[in-house]
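I have placed the structure first, in the form of structure tokens, so that the comments after it can refer back to it.
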Amino acid sequence: MLFQTELEFIGMGIVNSIIIFPISIYIMRWYSKKKDMPHIQLWDTSLKTAYKVSLVWLMVNILIGILFNTFAKNITIYFLIQYYVYMIIDLFIGTIVVKSIYKKELGESFMFVFIIQVILFGIGLIIGFITVLLLGYIFPEVSDVFFFVLEFGLFFTLLITASSLLIGFAIGISLAIMRVYGGKELHWLSSGYEKLFRGIPLLVLIFIFAFGFPGLFWYLESLDRLLASVIMALGLRSGAYQSQIFRGAILSVNPGQMEAARSVGMNKIQAFRHVVLPQALRLAVPGWSNEYAVVIKDSSFASAIGTFEMTFIAYIWGLRSVELFTLSMGVVAVLYFLFTFPVTRLFGERQTKKLKKLGMGGG
Amino acid sequence: MDEPLLRIVDVWKSYEDLQVLKGVSFELAERDVKVIFGPSGSGKSTLLRCINMLNPPDSGEIYLRGDNITAPNVDLNAIRTRIGMVFQHFNLFAHLKAIDNVSIGLRRVKGLEKQEARRKALEALNRVRLAEWADHYPAQLSGGQQQRVGIARALAMEPDVILFDEPTSALDPELIGEVLQAMLDIAKAGTTMVVVTHEMGFARAVASEMIFLDDGVVIERGTPEHFSVSPKSKRVKRFLNQLDVLYGSHEKLLKLSEEEEGK
Amino acid sequence: MIFQANLIEELLAVLGYWDRLFSGFLLTMWMYGWALLLGFILGLFLAILRVYGGTIFSGVATGYIEIMRGTPLVAQLFFIFFLPNTLNIPSEMWVIETSFSIFNKEISLKLLDYPIFVGILTLSLNSGAYQAEYLRGSIVSVGAGQLEAAQSLGMSRLSSIRHVVLPQALRRVIPAWSNEAAYLPKYTVLVYFIGGVEELFFQADFIQHKTFFPLTTYIIVSIMFLITITSISKLLEFIHKRTAIPGL
Ligand SMILES: Nc1ncnc2c1ncn2[C@@H]1O[C@H](COP(=O)(O)OP(=O)(O)OP(=O)(O)O)[C@@H](O)[C@H]1O
Ligand SMILES: [Mg+2]
């Protein structure tokens, strides 16, 4: 029962329009980008590509639909209809906002994109809604654990994942820069860090932070302390992996790029900041999407110390009887899959190929 | 009339929407050397790959010594042992030494004993003058040597016919001569060959017939003399002119290596 | 904290349980060995299916790989562990035990029972999916030309794959595969979730509760893992160098 008042509906809708639209546009752009056409040209892309994009986007929308419906499932049908009406109105508001922001890049084809979006979004929500209803009526237990886990676990799983990735990002990029551009000592330091945190099992790391340093998060309550230890462990380890990813990305930016930047008169830092880094970050996307999948999956290790997240919630739900345990674990696995597969699919190998086509990487 | 060694009847082949071969037919007698040439994309490689059924044709028939190899229930592996192939990019097995590259077919397909296979492989390597390089890996050989190993690999199987797909076009100019020489040698020894090449000097030396292929159709065919003196079609004339400008002719190279041999 | 306590005393207290650490280590390596081997066989099978299997088989292999890679190991473990129970299949296992003594300490080691079996199975099924991806990459990188050349000699598809593609693919895969292989031992701690498997992490937990020195205990265990993983890495590197062929 997240949405009680109409105001919250509207707020949610606006957020959706602003977040979902740019994301969708970026997805569209990635797929329709041609070598010399920086702006979207959907008319030119082949039917097959457009179809593929639509399909992926539909999957994402179905997921969104399921999520929305989860939080609204105790609300009466009239509320849901009202909610959809607001959603659609907000889609239009969002469109106008987005249109003014992306005017130049979208050009003529914007209306086409918009219509596809609205249709897919609508279909996605409806399928999501039907899924929720069907699940509830046909497989009451599946539906029960599905939404139980989503309601009580998803937030924490995403919180752990996002925080750890952020910590890992800060550590990883600093280590990578140290290793590529730093002197011997820095190189040694960062490679030592990588070896250390990649070699220690995650569970051991979690236990070290949770029980090894009793005073570490003294200012937190006990449950939050466990959560913080998990984030710490996952974040530090992710730093080691992300360092590898960014190092690989920086190294695969063509050395000529640095030279060219220096030849225009930039100093080393400027050249790195304005020429190498932007390319490296793009090259790191496939590896990074993989790392995201690793972290969100491994956040399930937190259940070992009783931290709330999806696996632990499913575990608690399944405790009622052994037969239900397999079910709850199967369902929670599906949930993780919904959060990992589309991401690695969209940003993984295919993205690598796209980058190769643009002449980036492998230099 | 005797059945020819290889008879290709009205072969058609397309990749998705692209019609590459549009009804090609020709025959090949024992000891014939047929040279196929034509502009890039005209379907030469496709034709060769149809003949040894790496890409089976959409329609048409191919007969090898009277056996229809395009028939549905043919054992393709058995057919391919009778048709050798030399590739543009050599395609030597990177994990095997030269000698093992040549003998792997003898051992795995013909089931020869190790010693026997090795003896035959050495013989084949000898014919391309590479016996002393037998124990080198492909990466340790020059392009010309690699291609000669490729030729030996095909020769060792004692096939009825060997197909060559632009065997010299991936080579540096100074390495072309040795490969052409090896091909000349085995042609003169009586090997039946179908060669896709733009080396007119080689064609003039050994070709029994030349075929000009363009856009999937045979435009003109005739002896090397015919093409050098009086080609009929304008397209052939233009193409031959371009060839002369682009490649020159390697006849000199051939002579050079013959002289070296004489010393 | 560590600086206040008597470090030496803590170390000695934890190392007093060396026999437990040792038997835990042996069990960890035992499970690792099986998981790596079974995972490799499964991975090779999946990779070949995915590359050469035609639409249906490669689809099945891809589906399996994506599902295993897209879901958490912990959920897989629980799922498999409770599956017989849900399906009403008896889950009794052969129990294999061995015992020996060193330095006058009797060490008894359970090598197989139901939890250990589930642990090895889960790790193999999971690791197989990851290994399949490495193997697929290397098979694809060998290139179609090699397969065609082999077939042009009359070798059958299967024999071409076995004698020409795989020998090259397996050599090429070693550097990337070593990474997976070397880091697999650390995933054996996973069986902690189902309990009752006395591998290294279990023993650490035990010692920690006995001595009340969690930090020291876990640091010692970490060091053991680091040494193991580094040695495996170095060993594989050595093997790679020994099997190297010019140009591959
Ligand atoms: N596997 C394939 N799939 C799709 N199209 C192909 C394939 N192989 C070849 N083609 C196309 O078929 C046409 C003929 O190709 P082919 O390789 O037979 O020409 P070619 O005469 O050998 O040219 P070249 O001199 O460049 O080797 C070309 O347009 C090529 O792009
Ligand atoms: Mg060709």
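Figure note: C:His163, B:His136, C:His209 ranked by solvent-accessible area, largest first, 1.4 Å probe, ligands and nucleic acids not counted: C:His209, B:His136, C:His163. Helices that extend 30 Å or more along their long axis by alpha-carbon positions and average at least -1.0 on the Kyte-Doolittle scale are, among the DSSP H runs of chain C, C:18-52, C:114-142, C:214-243. Here the accessible area is traced with a 1.4 Å probe on the protein chains. For chain B, carbon and sulfur cover 47 percent of it. Taking amide H as placed 1.01 Å from N in the peptide plane, B:Ser59 has its amide H under 5 Å from the amide H of B:Trp12, each at least 5 places away in sequence or on another chain. Using Cα springs under 10 Å in a Gaussian network model of chain C, which residue among C:Phe117, C:Phe81, C:Phe103 shows the largest mean-square fluctuation? Maximum among the listed residues: C:Phe103. How would you classify chain C from its alpha-carbon gyration tensor, with a ≥ b ≥ c the square roots of the eigenvalues: rounded for a/c under 1.5, else prolate if a/b is greater than b/c, otherwise oblate? It comes out prolate by the Cα gyration axes. Using just its DSSP H runs of length 4 or more, each adding -39500 (n - 2.57), chain B gives a mean residue ellipticity at 222 nm of -12500 deg cm²/dmol after division by all residues. Here's the picture: charge each Lys and Arg Cβ at +1 and each Asp and Glu Cβ at -1 in chain C, and of C:Asn6, C:Thr98, C:Leu166 the one pushed furthest to the positive end of that dipole is C:Leu166. Check the stretch A:143-357 and count each lysine pair with an alpha-carbon distance under 26 angstrom, considering only pairs eight or more places apart or from different chains. So the count works out to 5.
Over chain C, with every protein chain in place, what whole percent of the accessible area is carbon and sulfur at 1.4 Å, could you tell me? Here it works out to 68 percent. Charge dipole of chain C (Cα centre as origin; +1 on each Lys and Arg Cβ, -1 on each Asp and Glu Cβ, all else neutral): 940 debye, rounded to the nearest 20. For the stretch C:97-105, backbone phi angles converted through the Karplus equation (6.51, -1.76, 1.60; θ = phi - 60°) give residue-by-residue couplings of 10, 9, 8, 8, 10, 10, 6, 6, 10 Hz, Gly and Pro being listed as x. Amide H contacts for B:Thr223 (H built 1.01 Å from N in the peptide plane; partners 5 or more residues away or on another chain; cut-off under 5 Å): B:Met210. Of C:Arg171, C:Arg136, C:Arg157, which has the largest mean-square fluctuation in a 10 Å C-alpha GNM of chain C? Evaluated over chain C, the most mobile residue of the options is C:Arg157.
For the stretch B:80-98, a decrease in accessible area of 40 Å² or greater in the assembled protein chains relative to the isolated chain, with a 1.4 Å probe, applies to B:Arg80, B:Asn91, B:Phe93, B:Ala94, B:His95. Overall, the anisotropy analysis places chain B in the oblate class: the square-rooted eigenvalues a ≥ b ≥ c of its C-alpha gyration tensor yield a/c not less than 1.5, with a/b not exceeding b/c. Charges were assigned to the Cβ only: +1 to each Lys and Arg, -1 to each Asp and Glu. The resulting dipole of the stretch A:143-357 about its Cα centre is roughly 1200 debye.
Computed from backbone phi, the HN-Hα couplings of the stretch B:209-215 come to 8, 10, 10, 9, 10, 9, 6 Hz, rounded to whole numbers (Karplus: 6.51 cos²θ - 1.76 cosθ + 1.60, θ = phi - 60°; Gly and Pro given as x). Amide H contacts of B:Gln88: B:Asp165, each under 5 Å away and 5 or more positions distant or on a separate chain (H built 1.01 Å from N in the peptide plane; Pro and chain starts excluded).
The values are calculated or read from the model by the stated rules, or taken from the named source; none is laboratory data. Computed from a predicted structure; not experimentally measured. Because the Cβ atoms are built from the backbone with ideal geometry, glycine has one as well, and the counts that use them run over all protein chains shown. Heads up: the accessible areas ignore ligands, DNA and RNA and are worked out on the full protein's heavy atoms, side chains in. Shrake-Rupley method; radii C 1.70, N 1.55, O 1.52, S 1.80 Å.
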